[in-house]
1. Which residue, CYS71, ALA18, TYR149, has the largest displacement toward the positive end of the dipole of the chain when charges sit on each Cβ (Lys, Arg +1; Asp, Glu -1)?
2. When the scattering of the chain is computed by the Debye formula from its Cα atoms alone, each counted once and equally, what is log10 I(q)/I(0) at q = 0.10, 0.12 Å⁻¹?
3. When the chain is fully extended, how far beyond the present Cα-Cα distance does ARG55 get from GLU19, taking 0.36 nm per residue of separation?
4. Can you tell which of GLY42, GLY92, GLY140 shows the greatest fluctuation in a Gaussian network model of the chain with Cα springs below 10 Å?
5. Compare the peptides 5-18, 26-39 by average per-residue count of other Cβ atoms within 10 angstrom and give them in order, highest first.
6. Provide, as a two-decimal number, the C-alpha radius of gyration of the stretch 98-199 over 2.2 N^0.38 Å, N being how many residues it has.
Amino acid sequence: MGNLRSVQKALQKLGFFAEVTADANVILRSDKLILPGVGAFGAAMHNLRQAGLDRAIREFIDAGKPFLGICLGLQLLFDLSEETWSSELERGLGILRGKVVRFPEGLTDAQGKTLKVPHIGWNALRFIRHDALFEGIQGGSHVYFVHSYFPVPEEHGVVTAVSDYGVSFCCAVQAGNVRAVQFHPEKSSTVGLRILHNFAEC
């Protein structure tokens, strides 16, 4: 859902072959996999299940091959999400323990200005631990966000970067061959292109 072509074009600009597919066999034959996404958590999970891609993603990850989730593609990795139209939490892929929550109401910046949700715009990265995905990227570099929800991992050790929007929130994770970011590298200028290059070379 969403930003498939812009991610593909960014990778092609960097000189890498990238194919957009809904074919589980193509996914499983691939060297690396990116799951981008913009939109509602429940609708995205429904689409993945209908196409059998939830199983393909798990199988790909279990094979130990490099995986990158982007924006909604980060959130879908977790067990549960508050982004739901019912009283029940939405179930995700369950690759990572934790849940996805909405930004609380009444957020303000350091000057007391009210912050709007969704969070749309450029914010700084603060690195928690080293990850090769951010090789050559300085702490404080700005990347582009569009989201109303963010993940709260049960295991803090998977968090590689956070950002601040009234609250500090997890914006990047890494666990083995799985990496994911809450921001949009394909819309984050030279910093984002470097991140995509690092993933493609990992």
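1. ALA18
2. The computed values of log10 I(q)/I(0) come out as -0.38, -0.56.
3. Numbers: separation 36, 0.36 × 36 = 12.96 nm, distance 1.91 nm.
My answer for the length gained is 11.0 nm.
4. GLY140
5. On the way: 5-18: 15.0, 26-39: 17.3.
Going from most to least packed, we get 26-39, 5-18.
6. Details: Rg = 13.4 Å, N = 102, 2.2 N^0.38 = 12.8 Å.
Dividing the Cα Rg of the stretch 98-199 by 2.2 N^0.38 Å gives 1.05.
Read the figures in this text as sums done on the coordinates, not as results from a lab. Model, not experiment: these values are computed from the prediction. Here Cβ is always computed from backbone atoms with ideal geometry, including for glycine, and neighbour counts include all displayed protein chains.
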